[in-house]
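Structure record follows, encoded as structure tokens.
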Amino acid sequence: MFLEKLQSFWNFKLVTFASGDQISVGQAITVLVFLVLAVKLGRMLSRMLARHLQRKSVDAQAVQTIEMISYWVFLVLVVITAMGMLQLPISHLAFISGAIAVGVGFGAQNIINNLISSWILMSEKPVRIGDYIEVDQYAGTVERIGNRSTRIKRFDGVHIMVPNSQMLEKIVVNWTLVGKKFRTAVRVGVAYGTAVDRVEALLTEAALAQREVLAHPAPMVVFEEFGASALIFDLHVWCDTADGAELRGIRSSIRFTIEKLFRENDIEIAYPHTDVHLSAAKPLDVRLHAVEPESSEPQRPAT
């Protein structure tokens, strides 16, 4: 009895097309299980292919492109196989495409937009894996360009997921699009009266003391301005690094070296101060008054 009911349910016709083709509950369940297992298998196989290519020292951008293409080709084959299991002719693709269009109209616009944007990013390569970029107020290294979003790792280890559509619509600053060289600057102020040529030589020496700083292009010292309480200098250097966190460490090392060289050469690093000049027709009467410390004992009221 139970087997008869189960068989009746399994053979129950869900959909009947105008051509006479039918889809039963059993076919639908079989195809659904097949799709779930096939999608997981496709993702596993594409990742195995990517790991194999990485071991062969293939470029990271090419590895991810091959992984994405192989995954989607596998999905297309899975869909065609599923249609064969349902015994659906190619003419019924119009019905399926119509259903997909309805789904897009009800909220899949962003998903399709991000998917198409991922293919544009992979083909035009305005942003590549390993690039150091800035998007809005976020900055970090690109780790992965997925189907929906791009994963960026900041220097403090935090991962940021940016939708692929925003990578094309917003202003993106790519520090390493052409080369892996960064330009950075360190500002320092010295006291008035300091020999500026000596300051220039010491700043250049401090820059070249860092192994990451390039000799070509050479470090450049700019006498920026006469400040309110200091002579302001900017030290511009080019660094051979593609990591924003490492760049912070380079600037810190340069500042340590500047402080050491200035101290050894008796050059004062200026700090904000104010000079007060008094002019009077006769001598000023200046008196110092001692302030009595307050007693911790409570005062008694006067009687």
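Structural remarks
- Residue match in the stretch 226-239 (condition: touching a residue at least 60 places away in the same chain (Cβ under 8 Å), surrounded by 14 or more Cβ atoms within 10 Å (Cβ to Cβ) and either within 30 Å of residue 157 (Cα to Cα) or touching a Gly at 6+ places or on another chain (Cβ under 7 Å) (or both)): no
- Selection from the stretch 141-168 of residues that are touching a Gly at 6+ places or on another chain (Cβ under 7 Å) and surrounded by 15 or more Cβ atoms within 10 Å (Cβ to Cβ): 141, 142, 152, 153, 155, 160
- Test: residue in the stretch 169-180 that is at pLDDT 95 or above, exposed (fewer than 14 other Cβ atoms within 10 Å of the Cβ) and out of contact with any Gly (no Cβ under 8 Å at 6 or more places or on another chain): no
The values are calculated or read from the model by the stated rules, or taken from the named source; none is laboratory data. This is a predicted model, so every value here is computed, not measured. Neighbour counts run over all protein chains shown; Cβ positions are idealised from the backbone, glycine included.
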